[in-house]
Amino acid sequence: MSGSWIPVRIETEWLLLEAALIQEILGTEPWLAIPHTRSELPGVLAWRGRAVPLLDLAAVFGLSPLPPQSYRPRALVAQTERGFVAIPVDEAREVHALEPHRIRSAHAVEKPFSPSEAVLDGIVMAVLDLSALVFALTAGSTASGA
Amino acid sequence: MRRTLTTRCWLAFFGLELLFGPLVVVAFEQLVGIEGYPLAHWLLGAAVLLKATLWGSFLTSQLKAYEKFARLPSAARSAAVVTQADAALQALPYRFGVFYAFAWMLAYGAASVLLFSVAGARVPVGPRVYEAVGLLLLGMGFGSFAFGFPLIGMLTAGAASDCWLFARKNGILLDRAPESLQFRIGMVAIALALGPTLWMAALGYVKQVESSEQQRTVLVKLAAAQLANAAHDALHGGATAVTALLKQRSSASVGAFIVDSRGAVTGAAAGPTRLDTDAPFREWLGARHAEPEAIFARVDLDSVAALARIDDEHAAVAVLDMPVAAPNGFVLSASIFVLVVAIWAPVCAIILARAISGPIERLTRAARSVVEDGELSTMGTLPVVQSDEVGILTEKFNDLMELMQGLAHAANAIAQGDLRVEVAGTGELPDSFRAMLKSLREIVRQIGETSVDLASAAAEIFAASQEQESAAASQSSAMVEISRTMDSLSDSAAHVSDAVQGVLSNAERTLKNTDEMVQRIGQLSSHAGRIGEILEVIRDIADKSDLLALNGSLEASRAGDGGRGFALVAGEMRRLAERVTASVHDVKKLVYDIRESGSSTVMATEESRKLAEGTTDAARQITFVTQQQRSGTEQVSQSVKNIADVVAQAVSATSQTRTSAQSLKTRADSLALIVRQFHVMKTEAA
């Protein structure tokens with residue numbers, strides 16, 4: 001795998017998201033919790049006149065899920081095959097172009113939807129397969145706006 | 001209306017004028033021989049008026065000083081007024097007596113001169129009248145002095161007494177010259193003797209002159225008649241017979257001649273006859289020659305002429321050249337008589353005055369000896385010469401002296417301390433003496449008893465005052481010590497007060513500084529809050545910059561290689577935003593720390609403020625209490641000083657009391673000794 005990647009941090013976890021999927025990086029945006037949904041998709045976020053499902057990676061990675069009426073400093077709007085999702089993160093960094101050799105398979109504990117990893121700025125970051133994640137989460141349903 | 005002294009004197013002398021004036025005028029006219037002439041009445045009446053005017057004016061002027069004295073109220077009478085009034089009254093009898101006599105003499109003398117010189121043609125002037133008038137005037141002078149001098153003295157005696165009493169009552173010294181009663185009596189006696197004597201001498205002189213004149217007239221008429229008788233025959237006998245007759249009839253003093261109707265004179269005288277030289281005599285002879293009367297006489301002062309008709313043609317004339325005069329024997333006798341009276345009267349007056357004033361002088365010397373020298377015990381009994389008023393006065397004076405000697409003896413005995421003496425005699429003075437003696441005995445007895453009680457009481461007071469003085473001295477020392485302690489306490493309180501004042505000042509300054517500090521910290525906190533807001537904006541801007549950088553980076557990545565540079569810029573920009581955010585965070589943390597520190601400082605300052613307030617309140621309370629303590633201490637100190645002063649005064653007073661008590665006891669003992677010197681009757685002493 002090669003290309004441009006955006007490092008994000010959720011609590012203590014650093015992840016690399018594929019920059020081509022990211023449509024826009026938002027600041028602190030309010031979101032609307034939808035009752036009786038999965039914890040990974042707790043609600044929706046208004047973006048450019050459409051309701052974008054909120055993907056809580058903390059819930060995906062076994063961290064503290066984002067409770068309703070709470071926010072993270074950044075929200076990345078990504079477009080997958082299954083539609084747009086908004087991913088709240090605690091920190092996002094600029095796009096990094098990584099040569100393919102810098103991305104290697106995860107040799108330690110494998111994280112969900114992160115078969116590989118890369119070291120950036122001295123930090124081991126899991127490369128998240130966002131499309132696979134979204135697909136997995138939206139299996140049997142369709143993502144909004146797609 | 002009350003009459004003044006001048007009015008009374010004037011009325012008295014005017015009454016005398018009314019009584020004696022007409023009599024004297026009549027007597028004067030009779031004596032001089034002018035009683036039948038109205039002009040003489042008028043002139044002498046005017047003389048009386050002139051005399052009254054003169055002495056009235058003089059009396060008024062002399063009594064003016066006394067009238068001023070009498071007119072003023074007692075309070076307004078000065079010493080000068082009193083002395084002047086008294087001096088005028090003292091000199092008045094002599095002055096007025098002399099002036100009164102001269103007024104009489106002047107008035108009648110002036111009237112006589114006017115009468116005889118101016119109106120002599122209408123009033124017959126007898127021969128030698130002037131000498132008689134002169135004697136009369138002298139007699140009038142002495143006579144008027146004889147009653148004017150004593151009468152004015154008698155009239156003004158009451159006024160002189162008033163002046164003397166007023167001066168004595170008011171302590172005014174009167175300047176009265178010593179007078180002699182003998183001199184006054186002698187003057188009056190001389191005047192009394194010489195006045196009537198001179199009057200009688202004038203009367204005798206006039207009568208002698210009248211007798212001489214009658215004698216001259218008779219002699220010359222007789223000579224003329226005898227010549228006429230003899231001449232009748234001689235005329236028939238021829239000229240030789242006539243000449244012989246005339247020679248026979250003529251003498252040294254008598255001239256005889258015959259005159260005919262034509263005026264031819266036949267006389268014995270060889271020279272010119274009186275008809276040749278005396279024209280008035282010649283006219284008189286001519287006029288008489290024609291008259292039918294047989295004999296006429298013409299009287300002159302120096303000669304007398306008589307004409308006796310011989311026949312129808314001839315008349316015999318005799319001229320007697322003999323002046324009218326009193327006989328030399330009478331003048332000599334009268335002069336000797338007047339001289340004898342002038343000598344005899346003063347001698348008699350002096351003898352009389354000495355006879356009267358001698359016993360009075362003895363009385364005066366005795367009274368002066370008693371009053372001025374106090375010689376009462378050596379005073380002998382004055383002799384009583386006669387049982388007249390002076391004798392009775394001497395006798396009563398002797399009785400008075402005996403009484404005074406008895407009283408003096410009693411007083412001397414009392415002075416020697418012998419109160420047992422008895423006072424004899426009756427009257428107010430012995431009664432007063434006896435009452436005084438009785439009171440003195442009672443007083444001495446009471447003083448004796450009182451002196452014993454006084455000595456005892458003085459001894460007790462002395463002992464008590466000694467104890468009191470000792471106690472008061474101890475109290476005084478204690479009070480002085482307390483006063484010193486209170487002064488020290490007051491000084492300490494003053495020091496504490498000053499120190500607390502400093503603490504209070506510092507605490508108040510601290511409180512003020514704390515308040516300022518709180519205010520500054522509040523301002524700092526406010527500024528920190530403001531900084532936080534600004535930091536929040538910066539952080540927001542940094543966040544947005546970071547977001548923009550991220551999105552820029554994202555867009556640059558989409559642009560491929562063309563956006564590589566942009567991606568680098570976006571990356572730098574994001575890191576810059578990140579550092580800004582980190583710095584903002586740090587600054588915010590610092591601001592937070594500052595605010596926290598400010599809050600902590602405010603809290604600490606609040607504590608300090610509370611402490612300062614507490615300190616201030618405590619200092620104020622301490623200051624108040626210290627001031628109260630200081631004031632109280634000072635009051636107590638002052639009170640202690642006052643008490644110390646009072647105690648010191650009490651010590652002094654007690655010391656004085658002790659000294660006085662000691663002196664009192666000494667005096668009481670002396671008094672008891674003195675009282676024991678008095679000899680009081682045993683019954684009264686008991």
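None of the figures in this text is laboratory data; all of them are computed from the coordinates on show. The structure displayed is predicted, hence computed values, not measured ones. Every residue, glycine as well, gets a Cβ built from its backbone with ideal geometry; the counts of neighbours run over all protein chains shown.
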Completion exercise
Shielding of A:14-24 by other chains, given as the mean Cβ count within 10 Å, works out to 2
Fill in the blank from the handout: Ranking B:M479, B:A612, B:T426 by how far each Cα lies towards the positive end of the charge dipole of chain B (+1 on Lys and Arg Cβ, -1 on Asp and Glu Cβ), the top one is B:T426
Exercise for the section: Work out the mean other chain Cβ neighbour count within 10 Å for the residues of A:90-99 and drop it here as an integer. Expected result: 6
Problem - Normalised per residue, the volume of the convex hull around the Cα set of segment B:177-262 (Å³) - result: 147
Problem - Candidate lysines - alpha carbon under 24 Å from B:K207, same-chain residues fewer than 8 apart omitted - result: B:K221
Fill in the blank from the handout: Under the helix-only model (-39500 (n - 2.57) for each DSSP H run of 4 or more, divided by the residues of chain B), the mean residue ellipticity at 222 nm, to 500 deg cm²/dmol, is -28500 deg cm²/dmol
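Over 30 Å between Cα atoms, which of B:K438/B:K665; B:K64/B:K396; B:K544/B:K589; B:K512/B:K589 qualify?
With Cα atoms farther than 30 Å apart: B:K64/B:K396; B:K512/B:K589.
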Completion exercise
Tilt, helix B:79-113 to longest principal axis of chain B (alpha-carbon atoms), in degrees rounded to tens, equals 20
Practice task
Taking just the C-alpha trace of segment B:331-423, give me its Rg and Dmax in Å.
Solution key: 21.7, 80
Problem - Net lengthening on full extension, B:A415/B:A463 (0.36 nm per residue, minus Cα-Cα) - result: 13.6 nm
Problem - Partner lysines for B:K68 [C-alpha distance under 22 Å; skip if fewer than 8 residues away on the same chain] - result: B:K169
Handout entry: R0 of 35 Å, Cβ-Cβ distance B:L49-B:T4: FRET efficiency to nearest 0.05
Key = 0.95
Fill in the blank from the handout: To the nearest 20 debye, the protein assembly as shown has a Cα-centred charge dipole, built from +1 on Lys and Arg Cβ and -1 on Asp and Glu Cβ, of 2500
Completion exercise
For segment A:60-110, listing chymotrypsin sites (Phe, Trp or Tyr not before Pro) in a DSSP loop whose Cβ sees at most 16 other Cβ atoms within 10 Å gives A:Y71
Problem - Average partner coverage of B:553-563, which counts Cβ from other chains inside 10 Å - result: 5
Completion exercise
For B:H495 and B:A294, extending 7 Å from Cα along the Cα-Cβ vector and measuring point to point gives, in nm, a value of 16.7
Exercise for the section: Using only Cα atoms, figure out Rg for segment B:430-682 and give it as a multiple of 2.2 N^0.38 Å. Expected result: 2.86
Handout entry: Among B:Q248, B:A349, B:S112 - extreme Cα towards positive end, dipole of chain B, charges at beta-carbon
Key = B:Q248
Fill in the blank from the handout: Computed from the beta carbon distance with a Förster radius of 25 Å, FRET efficiency for B:Q214 and B:D278 to the nearest 0.05 stands at 0.60
Handout entry: Point-to-point label distance, B:D586-B:A110, nm (Cα→Cβ direction, 7 Å offset)
Key = 15.9
Problem - Residue among B:S639, B:L173, B:P93 farthest towards the positive dipole end of the protein assembly as shown, charges placed on Cβ - result: B:P93
Exercise for the section: Highest first, please rank the peptides B:303-312, A:21-30 by the mean number of other Cβ atoms sitting within 10 Å of their residues. Expected result: B:303-312, A:21-30
Practice task
Take segment A:1-136, compute every pairwise Cα distance, and split them into 5 Å bins from 0; I just need the percent in each bin.
Solution key: 2, 10, 22, 24, 22, 11, 6, 2, 0
Problem - Per residue, the convex hull volume that the Cα atoms of segment B:304-366 enclose (Å³) - result: 95
Problem - Angle in degrees between helix B:129-155 and the longest Cα principal axis of chain B, rounded to the nearest 10 - result: 30
Completion exercise
Treating every alpha carbon of segment B:486-567 as one equal point scatterer without solvent, the Debye formula yields log10 I(q)/I(0) values at q = 0.11, 0.12, 0.13, 0.27 Å⁻¹ of -0.63, -0.68, -0.71, -1.09
Exercise for the section: Taking chain B as the reference, fit the longest principal axis to its C-alpha atoms, fit the long axis of helix B:279-289 to the helix C-alpha atoms, and give the angle between the two in degrees, 0 to 90, nearest 10. Expected result: 50
Handout entry: Cα gyration tensor shape for chain B, rounded if a/c is under 1.5, else prolate or oblate
Key = oblate
Problem - Alpha-carbon gyration tensor eigenvalues x 5, square-rooted, for the protein assembly as shown, Å - result: 184, 53, 18
Completion exercise
The summed charge of the B:E395 Cβ neighbourhood (under 15 Å; Lys/Arg +1, Asp/Glu -1) stands at -2
Handout entry: B:D233/B:M154 FRET efficiency (R0 45 Å; Cβ-Cβ; nearest 0.05)
Key = 0.05
